[in-house]
Amino acid sequence: MQKYEPPYKTCPVCDSSHIAPYHHDFRDNKIYKCSQCYVQFMNPVYSDDYLSDYYAKYYSGGVDSSEVLEGQGRTNEVKLDIIQRFSSKSGRLFDFGCGNGNFMTSAREQGWQVEGYDVDCDAMEQVAKRLAAPVFCGEFITAELDTEGYDLVHAHHVVEHLKYPSRDLKKINAILKPSGLFYVAVPNIHAASARLKFFLEKIGLRKKNIGKYYDTDHHVFYYHPKSMKKLLESAGFEVLLTMNGSKSHMKKSKIVQFFTYTLTNLIYSNSAFLMIARKKRS
């Protein structure tokens, strides 16, 4: 099985020719950066066959421990609270990269009509049966989904895995109703900790596990808020909110939220960020 595709000659997001080597990691994967849209990406990238084989083993369809599910449930409550700032009522939700279906479960409890998608069909058959909900699988681009059929698409730590992010986000835009919402969260390659490690590696003071924070065993694109905003806008979205990744332990108290979350969001970039975007009206 071929592990890599031929190297990109232009940016796979914006098609700019202004791409250049930026870093490498301990797995000998090369990271390029586009000076036009700011995205970083693996170059050469893994082949479709390699990624299909990897993700077939990524999630088996089983249920996590009760402790893990409880933590996921708390995180989901925070995410749904954030989403409800922009959506006054529940509607039809599509969970893109639904995994074990835990977000679908939490959203259904708040009145959403839920559907999901993930790559592996054997695993998704189990999830669909357990949740008694429609769950799609296989190649996302060929999935037969309703055009302008959904009020909300949720993609939590999925987009960094996508080999064709522009193509797939344009399809997500197409399945959303006019003014539908898109929740997207990804690792932040511009996080304070990543920037410090990058600097130490470049000056030779950090020599062990170079670039480990890129997670190139399964992540192929690397975003920060500026590059994600450009990607979303090119796919037909307008960004409504950008903030650090949701915290499952965040208290309901508004005072606690301000000092432990809102304030730090203004002065510090942590390891992940989320965006709420709205489909632009044509």
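Here is how the numbers come out for the structure above:
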quantity: Out-of-range pairs (alpha-carbon distance over 24 Å; input LYS33/LYS170; LYS3/LYS33; LYS89/LYS226; LYS79/LYS229; LYS79/LYS279; LYS30/LYS170); calculated: LYS89/LYS226; LYS30/LYS170
quantity: Percent RCO, i.e. relative contact order, over the chain, from Cα pairs under 8 Å lying at least 6 residues apart; calculated: 19
quantity: Size of segment 1-153 as Cα extents on the principal axes (Å, biggest first); calculated: 47, 36, 34
quantity: Kirkwood hydrodynamic radius of the chain, Cα pairs, Å; calculated: 19.7
quantity: Per-residue Cβ neighbour rank within 10 angstrom, fewest leading, TYR54, TYR183; calculated: TYR54, TYR183
quantity: Relative contact order (%) - segment 1-136, alpha-carbon pairs under 8 angstrom, separation at least six; calculated: 18
quantity: Segment ASP217-SER16, length gained on full extension (0.36 nm per residue, minus Cα span); calculated: 69.8 nm
quantity: Computed Rg/Rh of segment 74-190, alpha carbon atoms with Kirkwood Rh; calculated: 0.93
quantity: Linear extension gain, SER271 paired with GLU238, 0.36 nm per residue minus alpha-carbon span; calculated: 9.6 nm
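Quick note: the coordinates plus some simple rules give every number you see, no bench work behind them. Fair warning: this is a prediction, and the values are worked out from it, not measured in the lab. With ideal geometry, Cβ positions are generated from the backbone for all residues, glycine too; neighbour counts draw on all protein chains shown.
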